[in-house]
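Comments concern the structure below.
The values are calculated or read from the model by the stated rules, or taken from the named source; none is laboratory data. In this text the structure is predicted, and so the values were computed from the model without any measurement. Cβ placement follows ideal geometry from the backbone for every residue including glycine, while neighbour counts extend to all protein chains displayed.
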Amino acid sequence: MDIYDRLGVRKVINAWGTITTVGGSLMPPEAFAAITEAGRSYVWMNELHEKAGQYIARLLGVEAACISSGAAGGMVLAAAACLTGTDMERIWALPDTEGWANEIIVQRDPGHNYVYQGMHYTGARLVHVGTPEEMTLEDIEGGLSDKTAAIMLYFDIRHQPSIRDVAPIAQHAGVPIIVDAAAEMPPRRNLTQPLADGADLIVFSGGKGLRGPQATGLVLGRSELIEACRLNASPYSAIGRPMKVGKEDIAALVAAIEVFAARDEAEEMAEYQRRADRIVALLEGVPGITAQALPDDPRARPVVPRVYIDFAPDFGLTGRQVREALLAGDPAIVIGEMSAGVSVAVLLLDEDWQVDEVGIRLREVLSSAPSA
């Protein structure tokens, strides 16, 4: 009986993806070993943060790196860094930013946004531009003022100008670009290309495609801004102190990144494609659906091979009903829901029996539709 059984918590097969609400991803054995090693000793946390960041930066080929408490925590540190720089008086003053350049330009959002909420926590004033559907270069330029401290972009998941197009505007205004790329790993090039295109800080989840602890994130970018992130973070007496990252999690993320950097990405993608093709084959002949194994469809993140199952207009089940039927089974399976169908992530189906279980159970549920 494991810890989840003792607590009465139900385990699921994750065919949804690296989603926070089901635990992100699973760590490699090297990361678990690093947790055990790190837990046996005391260290100066400032030194550990600094040395771990330097090591990760060398490993990935970037200027500087900082470990945060998840990508959301990384966005808080990135916003704070753009407000304060390395000025300790300003770091201690947050969230009081009266009289500073304290505005961050963001795309207008239709409702609650925890990323924006986190940046606002630092004392930043968010300047919402464009519409929830689109933000243009003209919108960004119109939002600039002498109080602008940063421009915030999402990486490839919204209708926004590219980093490369925004960079000249930001450079002319003398303000940094912060990029939220929480779930954009793999492919590995996403670690460095946004910085080459002109981003100043880019933030990833440590517990998604990198497969580190879910409570970690990774901020990469310019050395002076990364130093400002570190000074705004725990263990310093700063705005990031409540978002502590323990020594064990730091060690585990380092180990996970070592594994990630050493993997053969082409081989990895081929394996995901094999799993997706297997599920499509198991669904062959089910009436009223179209199942495809697509390698680079942008409807879900990260953009890796997964299965998309589109329903005919008269199909007798909704995506929600299919999803709930799979969750109600034993073992429970969680998949993605689309407007007219479902999606199946194969990224985290590490064993062939799980691939077959997902395909067989999906076939059973889809074949039970009244139209079938």
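Name the helices (runs of 4 or more DSSP H) wholly within the range 18-91 that hold at least 3 residues that are under 16 Å from the mean Cα position of the chain (by Cα) and in contact (Cβ under 8 Å) with a residue 24 or more places away in the chain?
70-84
Looking only at residues in the range 92-112 that are of a type in the set (D, E, K, R) and in contact with a Ser or Thr (Cβ under 9 Å, 6 or more places away or on another chain), which one is surrounded by the most Cβ atoms within 10 Å (Cβ to Cβ)?
Only one residue tops the list, namely E103.
Need at least 2 residues that are more than 18 Å from I19 (Cα to Cα) per element, so show me which strands (runs of 3 or more DSSP E) inside the range 286-372 make the cut, counting only ones lying wholly within it.
Ranges flagged: 289-294, 306-311.
If we scan the range 182-196, do we find a residue that is part of a loop (DSSP other than H, G, I, E, B), touching a strand residue (DSSP E or B) at 6+ places or on another chain (Cβ under 6 Å) and free of Cβ contacts under 8 Å to residues at least 60 places away in the same chain?
Among the residues of the range 182-196, not one is part of a loop (DSSP other than H, G, I, E, B), touching a strand residue (DSSP E or B) at 6+ places or on another chain (Cβ under 6 Å) and free of Cβ contacts under 8 Å to residues at least 60 places away in the same chain, which makes the answer no.
Identify, please: which residue in the range 38-63 is of a type in the set (A, V, I, L, M, F, W, C) and farther than 17 Å from L225 by Cα and is, among those, surrounded by the fewest Cβ atoms within 10 Å (Cβ to Cβ)?
In this case the residue turns out to be W44.
Take the residues of the range 161-181 that are small (G, A, S) and part of a loop (DSSP other than H, G, I, E, B): which is nearest to L220 (Cα to Cα)?
A181
With within 28 Å of I56 (Cα to Cα) and in contact with a Pro (Cβ under 7 Å, 6 or more places away or on another chain) as the only criterion, which of P302, P295 stands out?
P302
Going through the range 348-372 one residue at a time, which ones are at pLDDT 90 or above and closer than 21 Å to M269 by Cβ?
L348, L349, Q354, V355, D356, V358, G359
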